[in-house]
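Visitor: Before anything else, here's the structure in question.
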Amino acid sequence: MSTNTLAGHYGKTEGWLDWYANPSTPVFRMPAGAVDAHCHVFGPGSVFPFAPERKYTPCDASAEQLFALRDHLGISRNVVVQATCHGADNTAMMNACVASKGLARGIATVRRGITDHALEQMHALGVRGVRFNFVKRLVDVTPQKELLEIAHQIKSLGWHVVVYFEAADLPDLKAFFAGLPTPVVVDHMGRPDVTQPVEGPEFSLFQTLMEENENIWCKVSCPERLSVSGPEALNGEPAAYRDVVPFSRQIVTRFPDRVLWGTDWPHPNLTSHMPDDGLLVDVIPHIATDAVLQQKLLVDNPMRLYWPEEKGV
Ligand code: 0GY
C-alpha cells in the first residue's frame, strides 16, 4: 500500500493504491499546448459524494491536484472523463472544467431521458461528449438501444461518444460502434491483450474497425494498465511498459490524425503498481517517434476534437 498523504481517503476500496505523490520530471519535453485527453477527478468525497451504485470507492483526487500535475508535466490542457465511481452525477467533473478557466473539457455520463436543456447547460460548462462504459466489473449493462438514443441526442451539440470496453468484447460491440452517429473515441486502444502479437487476430480486428470507420479515434493511453512487463526499462530501450509500446506505436503510425494521449491520472483500480506520471510522459517518444507525430497526438488532434473554435487547429 502506498503512503500518499496528499490523497484523502473516504472509505477507499481495500487494496487500492493511491496516486503517485511525487512524479519525476519527464525527460521528454511536451510540445507547446499539449493536452492530457484522459484523466479523472475523484471527489473529494466529502464535497462531491461518490455514487451509491459505484463498484469501487477511490481515494480522493481533486481538480487542484490534477492541475498541479498538469503544470509539473508540461501539459497545457485536460480532458476530464467521468469516472464510474461518480455514476451519472457529473458535478465533480464539471467543477473541474469550470475551475480550469477554459483549459479543461469534460466527458460526462448521462442517462436516457436527460433533457436537451440539461445537456446545453453541461455544454456551457465545458462538456463535449458522453462515455459509454462496457467494462462489466465497472458498470451494470445499459441496453444499446438506450445508448443509441443518447448518441443521437448529443450529436446536435457537436459532441462525441467515448467508449470503454475490453478486447474480448469487441466482436459483439463492433457493429454498434460502427453505427454510432458521432465521432467515437476508444479508451486505451480497446484494452488489447499485449501478450498477443500486434498483427494477431485480436488487435487486427481493432485496427480493421478503425480502418473501416473514419469517425473512430483511439486513445493510446494506459500502458500501465495493459502491461505485463511493467515499468522497468530493459537496458534503456524501449523504455517502460515495453510490451505495450508496439501496440501504441502501430496505432499512432497508422492513424496519426485520429489518436489522442492521456495520463489516466489518478489511475483507478490499480493494485499491483502505481505509475510515476513522469515516466508515462517519457513513453511518448517511443510511440510517436518524431515531432510531426507528437504534434498531432498531443496538440492538433485533441484541439480539433475539444477546442475546435480555436482557429488554426
Ligand atoms: C480508466 C480505467 C478504469 C476505471 C474507470 O470510470 C472508471 O471507473 O475508467 C478501470 O478500472 O479500468 O481508464 O480510467
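Every number here is computed from the coordinates shown, using simple stated rules; none is lab data. Here the structure is a predicted model, which is why all the values come from computation and not from measurement. Quick reminder, even Gly has a Cβ in these numbers, built from the backbone with ideal geometry, and neighbours come from all protein chains shown.
To keep it simple, each residue is scored yes or no on (1) in contact with an Asp or Glu (Cβ under 9 Å, 6 or more places away or on another chain); (2) among the polar types (S, T, N, Q); (3) surrounded by fewer than 18 Cβ atoms within 10 Å (Cβ to Cβ); (4) assigned to a helix (DSSP H, G or I).
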residue	(1), (2), (3), (4)
Thr263	yes, yes, no, no
Ser272	no, yes, yes, no
Val292	no, no, yes, yes
Val299	no, no, no, yes
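Visitor: Residues of the range 277-308 being among the polar types (S, T, N, Q) and closer than 28 Å to Gly126 by Cα, which ones?
Guide: Once the filter is applied, which keeps residues that are among the polar types (S, T, N, Q) and closer than 28 Å to Gly126 by Cα, the range 277-308 yields Gln294, Gln295, Asn301.
Visitor: Just checking, how many residues over the range 148-179 are part of a helix (DSSP H, G or I) and more than 17 Å from His123 (Cβ to Cβ)?
Guide: Of the residues in the range 148-179, 14 are part of a helix (DSSP H, G or I) and more than 17 Å from His123 (Cβ to Cβ).
Visitor: Residues Glu199, Glu120: which one is among the acidic types (Asp, Glu) and closer than 21 Å to Ala104 by Cα?
Guide: Glu120
Visitor: Ok, one more. Have a look at Val110, Val80 and point out the one that is within 22 Å of Asp187 (Cα to Cα), surrounded by fewer than 24 Cβ atoms within 10 Å (Cβ to Cβ) and touching a residue at least 40 places away in the same chain (Cβ under 8 Å).
Guide: Val110
Visitor: Just the residues that are of a type in the set (Lys, Arg), within 19 Å of the chain's Cα centre (by Cα) and farther than 24 Å from Asn301 by Cβ, please, taken from the range 118-151.
Guide: Hits for the range 118-151 are Lys136, Arg137.
Visitor: Take the residues in the range 152-174 that are of a type in the set (Gly, Ala, Ser) and over 18 Å from Arg105 (Cα atoms), then tell me which one is nearest to the chain's Cα centre (by Cα).
Guide: Among those residues, the one meeting the criterion is Ala167.
A quick yes/no check of all residues on (1) farther than 25 Å from Thr57 by Cα; (2) exposed (fewer than 13 other Cβ atoms within 10 Å of the Cβ); (3) within 14 Å of the ligand (Cβ to nearest atom); (4) of a type outside the set (Gly, Ala, Ser):
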site: Lys136; (1), (2), (3), (4): no, yes, yes, yes
site: Gln144; (1), (2), (3), (4): yes, no, no, yes
site: Leu147; (1), (2), (3), (4): yes, no, no, yes
site: His152; (1), (2), (3), (4): yes, yes, no, yes
site: Val163; (1), (2), (3), (4): no, no, yes, yes
site: Pro171; (1), (2), (3), (4): yes, yes, no, yes
site: Lys174; (1), (2), (3), (4): yes, no, no, yes
site: Ala178; (1), (2), (3), (4): yes, no, no, no
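Quick grid of which residues meet (1) over 30 Å from Tyr56 (Cα atoms); (2) basic (Lys, Arg); (3) in contact (Cβ under 8 Å) with a residue 12 or more places away in the chain; (4) in contact with a Phe, Trp or Tyr (Cβ under 6 Å, 6 or more places away or on another chain):
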site: Val252; (1), (2), (3), (4): yes, no, yes, no
site: Pro275; (1), (2), (3), (4): no, no, yes, no
site: Val281; (1), (2), (3), (4): no, no, yes, yes
site: Pro285; (1), (2), (3), (4): yes, no, yes, yes
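Visitor: Identify all residues within the range 225-261 that are assigned to a helix (DSSP H, G or I), closer than 19 Å to Lys296 by Cα and aliphatic (A, V, I, L, M); write none if there are none.
Guide: Of everything in the range 225-261, those that are assigned to a helix (DSSP H, G or I), closer than 19 Å to Lys296 by Cα and aliphatic (A, V, I, L, M) turn out to be Val245, Ile251, Val252.
Visitor: Here's a follow-up. Take the residues in the range 180-212 that are within 16 Å of the ligand (Cβ to nearest atom), of a type outside the set (Asp, Glu) and assigned to a loop (DSSP other than H, G, I, E, B), then tell me which one is nearest to Arg304 (Cα to Cα).
Guide: Filtering first and then ranking leaves Arg191.
Visitor: In the range 117-127, is there at least one residue being within 16 Å of the ligand (Cβ to nearest atom) and either closer than 24 Å to Arg304 by Cβ or surrounded by fewer than 20 Cβ atoms within 10 Å (Cβ to Cβ) (or both)?
Guide: Within the range 117-127, one or more residues are within 16 Å of the ligand (Cβ to nearest atom) and either closer than 24 Å to Arg304 by Cβ or surrounded by fewer than 20 Cβ atoms within 10 Å (Cβ to Cβ) (or both).
Visitor: In addition: Determine, yes or no, whether Ala21 is part of a loop (DSSP other than H, G, I, E, B), within 16 Å of the ligand (Cβ to nearest atom) and free of Cβ contacts under 8 Å to residues at least 40 places away in the same chain.
Guide: no
Visitor: Right, here's the next one. Starting from the range 146-168, take each residue that is closer than 15 Å to Ala178 by Cβ and list its partners that are among the aliphatic types (A, V, I, L, M) and not in a strand (DSSP E or B), counting only C-beta distances under 7 angstrom and pairs at least six apart or across chains.
Guide: Listed pairs, sorted by first residue: Ala151/Leu180; His160/Leu305; Val161/Ala151; Val161/Leu180; Phe165/Val135; Phe165/Leu173.
Visitor: Another question, if that's okay. Scan the range 24-51 residue by residue and report those that are buried (at least 19 other Cβ atoms within 10 Å of the Cβ), of a type in the set (Phe, Trp, Tyr) and either out of contact with any strand residue (DSSP E or B) (no Cβ under 8 Å at 6 or more places or on another chain) or part of a loop (DSSP other than H, G, I, E, B) (or both).
Guide: Listed by number, the residues that qualify are Phe48, Phe50.
Visitor: Among the residues of the range 83-100, what is the count of those that are out of contact with any Leu (no Cβ under 8 Å at 6 or more places or on another chain) and either without any contact (Cβ under 8 Å) to a residue 12 or more places away in the chain or not acidic (Asp, Glu) (or both)?
Guide: Number satisfying all stated conditions: 12.
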